[in-house]
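One structure below.
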Amino acid sequence: MSERIVRIRTVDHGTIETPCPGWCTEDHENDPFPTYRVDIDHKGPDTSIPVPTSSGPRTLLTTTLTRRPFTELATGTGTFVNVEIDGDWYPMGPAGLDAMAAGLVEAAVALRRTARHLAALQARERRR
């Protein structure tokens with residue numbers, strides 16, 4: 001995907017031109033509210049990761065491909081994935097995403113262990 005140049009109105013630097021990645025779904029040029037240059041971000045579509053519950057599927061986490069070309073934050077100006085869990089966002093690079101995936105696998109193993117334990121308890125209750 002190629003980048004295009006967009007014009008974004010800012011409070012502190014006037015209208016600036018900046019490359020916008022092809023995966024970005026933001027409508028920068030038609031945003032009626034100017035922003036600060038450091039707050040400009042490019043976001044891809046949200047990807048929700050659901051889990052089944054007794055009340056139907058619920059979103060466990062949401063990921064969004066993001067780039068903040070003028071940020072002063074530790075994430076830097078490169079592309080990263082923002083992960084939303086319980087309303088908080090966590091910027092992650094490849095190593096962080098791999099660690100999160102490993103944690104999810106460990107959590108799934110623990111949940112399966114709990115399921116097997118519950119099944120054994122229920123089987124004993126039925127035998128009484």
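Some points to look at:
- Output for the range 53-73, where each listed residue is open to solvent by less than 70 Å² (accessible area, probe 1.4 Å) and more than 26 Å from Glu3 (Cα to Cα): Thr53, Gly56, Leu61
- Any chance Thr18 is assigned to a strand (DSSP E or B) and either within 15 Å of the chain's Cα centre (by Cα) or charged (D, E, K, R) (or both): no
- Complete set of residues in the range 21-32 that are part of a loop (DSSP other than H, G, I, E, B) and out of contact with any strand residue (DSSP E or B) (no Cβ under 8 Å at 6 or more places or on another chain): Asp27, Pro32
- Test: residue in the range 74-83 that is part of a helix (DSSP H, G or I), among the aliphatic types (A, V, I, L, M) and open to solvent by 80 Å² or more (accessible area, probe 1.4 Å): no
- Residues being at pLDDT 95 or above and surrounded by 10 or more Cβ atoms within 10 Å (Cβ to Cβ) are represented in the range 29-36 by at least one member.
- Under the condition of being more than 9 Å from the chain's Cα centre (by Cα), open to solvent by 60 Å² or more (accessible area, probe 1.4 Å) and on the phi < 0 side of the Ramachandran plot, the residues counted in the range 84-96 number 3.
- Given (1) part of a strand (DSSP E or B); (2) of a type outside the set (Gly, Ala, Ser); (3) within 24 Å of Leu97 (Cα to Cα), index of the condition Arg9 fails: (3)
- For the range 38-52, the criterion of being touching a residue at least 12 places away in the same chain (Cβ under 8 Å), part of a loop (DSSP other than H, G, I, E, B), surrounded by 14 or more Cβ atoms within 10 Å (Cβ to Cβ) and at negative phi is met by at least one residue.
The values are calculated or read from the model by the stated rules, or taken from the named source; none is laboratory data. These figures come from a predicted structure and were not determined experimentally. Note that each Cβ is placed from the backbone with ideal geometry, even for glycine, and that neighbours are counted across all protein chains shown. For accessibility, only protein heavy atoms count, side chains too; no ligands or nucleic acids. Shrake-Rupley method; radii C 1.70, N 1.55, O 1.52, S 1.80 Å.
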